[in-house]
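Novice: What follows is a single structure, and I will ask about it in a moment.
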Amino acid sequence: MSQLALPLQLADHAVFASFHAAGNETLVATLRRLAAGDLEPGCWIWGAGATGKTHLLQAVCDAAGDRAVYVPLESLSHAGPGILEGLETREVVCIDDVDEVAADPAWEAALFRLYNALQENDGKLVVSAAAPPRECGFDLADLGSRMSRLAVFQVHPLDEAQRVSALQLRAGHRGLELPDETATYLLRRTARDMASLYGLLDRLDLEALRAQRRLTIPFVRDVLSGG
């Protein structure tokens with residue numbers, strides 16, 4: 001079954017405008033150019049979990065529109081490598097968590113075919129993983145060599161001040177005002193990875209809408225305590 005037929009919904013927040021690029025400015029600029037049709041053969045981005053890799057791949061797809069397709073292997077690897085068939089007809093193919101299938105002969109062969117087919121069609125491949133291509137664990141040497149031809153970038157995590165700014169950017173994208181003191185309160189009293197913080201912000205958004213309240217520290221404290 002071709003991935004082209006699978007109804008994958010991109011997250012509504014996963015756009016370039018809502019990604020805080022501090023420390024990753026060159027990467028974001030590169031991905032914007034790629035989504036616009038520049039930079040061949042593509043890009044490999046790597047880094048720790050919850051640093052924004054999925055956000056960036058989905059932002060590329062959002063910017064490229066129908067020319068792109070998003071393939072999250074963490075949730076789709078069980079479907080088998082046949083889901084890659086036909087993807088070379090797209091101009092941009094974004095494969096998230098490619099290391100999920102490293103060392104699997106059938107998957108590696110399918111990825112190798114896809115890479116070569118995209119090259120023949122002047123397509124672009126954007127890949128995310130936890131490590132650079134040479135450290136990803138590919139058994140197929142030719143696949144590792146091909147992937148190493150992509151522009152390689154590490155996604156750098158945000159420091160505390162940048163996390164505050166990132167939370168405020170996401171809040172603003174949702175139409176919320178998140179004061180400095182409230183954002184700092186969240187950072188000091190909850191899980192500090194950005195995925196958890198964004199999830200909490202989504203929850204606070206719903207609670208604030210329901211209660212018709214602003215995101216003050218007392219309101220956030222009540223929500224966190226279950227009040």
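The values are calculated or read from the model by the stated rules, or taken from the named source; none is laboratory data. The structure displayed is predicted, hence computed values, not measured ones. Using ideal geometry, Cβ is built from the backbone for each residue, glycine included, and neighbour counts are taken over all protein chains shown.
Novice: Considering only residues of the stretch 103-115 that are among the aliphatic types (A, V, I, L, M) and surrounded by fewer than 21 Cβ atoms within 10 Å (Cβ to Cβ), which is nearest to Arg134 (Cα to Cα)? Working first, answer last.
Specialist: Within the stretch 103-115, the subset among the aliphatic types (A, V, I, L, M) is 103, 106, 109-111, 114.
Filter again for surrounded by fewer than 21 Cβ atoms within 10 Å (Cβ to Cβ), leaving 103, 106, 109-110.
Numbers: Ala103: 13, Ala106: 19, Ala109: 17, Ala110: 18 Å.
The extreme case among them is Ala103.
Novice: Working only within the stretch 96-124, note down all residues that are assigned to a helix (DSSP H, G or I), under 21 Å from Ala35 (Cβ atoms) and small (Gly, Ala, Ser).
Specialist: Scanning the stretch 96-124 gives a single hit, Ala117.
Novice: Just the residues that are assigned to a helix (DSSP H, G or I) and of a type outside the set (D, E, K, R), please, taken from the stretch 83-95. Even if it seems obvious, please write down each step before you answer.
Specialist: Initially, the stretch 83-95 is screened for residues assigned to a helix (DSSP H, G or I), giving 83-84, 87-89.
Residues satisfying the conditions are Ile83, Leu84, Leu87, Thr89.
Novice: While we're on this one: Hey, among Val152, Val92, Val126, Val101, which residue is hydrophobic (A, V, I, L, M, F, W, C), under 28 Å from Phe19 (Cβ atoms) and within 13 Å of the chain's Cα centre (by Cα)? Break it down into steps so the answer makes sense when it comes.
Specialist: Working: Val152 fails: within 13 Å of the chain's Cα centre (by Cα); Val92 fails: within 13 Å of the chain's Cα centre (by Cα); Val101 fails: within 13 Å of the chain's Cα centre (by Cα).
Unique residue meeting the criteria: Val126.
Novice: For Ser165, state whether it is over 18 Å from the mean Cα position of the chain (by Cα), in contact (Cβ under 8 Å) with a residue 40 or more places away in the chain and either assigned to a helix (DSSP H, G or I) or not assigned by TED's automatic domain parsing to the domain that holds Gly49 (or both). Steps first, answer last, please.
Specialist: Working: over 18 Å from the mean Cα position of the chain (by Cα): yes; in contact (Cβ under 8 Å) with a residue 40 or more places away in the chain: yes; either assigned to a helix (DSSP H, G or I) or not assigned by TED's automatic domain parsing to the domain that holds Gly49 (or both): yes.
So Ser165 fits the description; yes.
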